[in-house]
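What follows is a short report on a single structure.
The values are calculated or read from the model by the stated rules, or taken from the named source; none is laboratory data. All values derive from a computational prediction rather than experimental measurement. Cβ coordinates were reconstructed from backbone atoms using ideal geometry, including for glycine residues, and neighbour counts include every protein chain displayed. All accessible areas refer to the heavy atoms of the entire protein, side chains included, with ligands and DNA or RNA removed. Shrake-Rupley method; radii C 1.70, N 1.55, O 1.52, S 1.80 Å.
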Amino acid sequence: QVQLVESGGQLVQAGGSLRLSCAVSGRTLSSSGMGWFRQAPGKEREFVAAITRSGVIADSVKGRFTISKDNAKNMVYLQMNSLKPEDTAVYYCAAAAKFVWSSSRYDYDYWGQGTQVTVSS
């Protein structure tokens, strides 16, 4: 059974930093493309970052966010710097059944429950 558990979300002031973590069980990261998505109230779930051998970052957060992973620990991370109020959302970790990355949420097969990030102005 595949399980993804996000952690690290919290209330932070604008300009601050957070690191989100995603603990993966039931799959190895060497066989799964991993992604981070976010969903703000009333908005569609949007792509933030993905990683296979290297990371891909959405244009909306490029230069501020970084994705990384630790295959030995089966962990995926999202480092978020220079946070803005518009980054406020629930952040979701996702795993694909194949070792590919995608910016489409429909290409991911497993999802975590999400972690809330709130950025105050």
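Overview of results
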read-out: Hits in segment 79-116 (condition: open to solvent by less than 30 Å² (accessible area, probe 1.4 Å) and without any contact (Cβ under 8 Å) to a residue 60 or more places away in the chain); value: ASP87, ALA89
read-out: Residue tally, condition part of a loop (DSSP other than H, G, I, E, B) and over 30 Å from SER121 (Cα atoms), over segment 74-100; value: 6
read-out: Segment 101-118, residues that are among the polar types (S, T, N, Q) and assigned to a strand (DSSP E or B); value: THR115, GLN116, THR118
read-out: Where GLY9 falls short, out of the listed (1) in a strand (DSSP E or B); (2) in contact with a Ser or Thr (Cβ under 6 Å, 6 or more places away or on another chain); (3) open to solvent by less than 40 Å² (accessible area, probe 1.4 Å); value: (1)
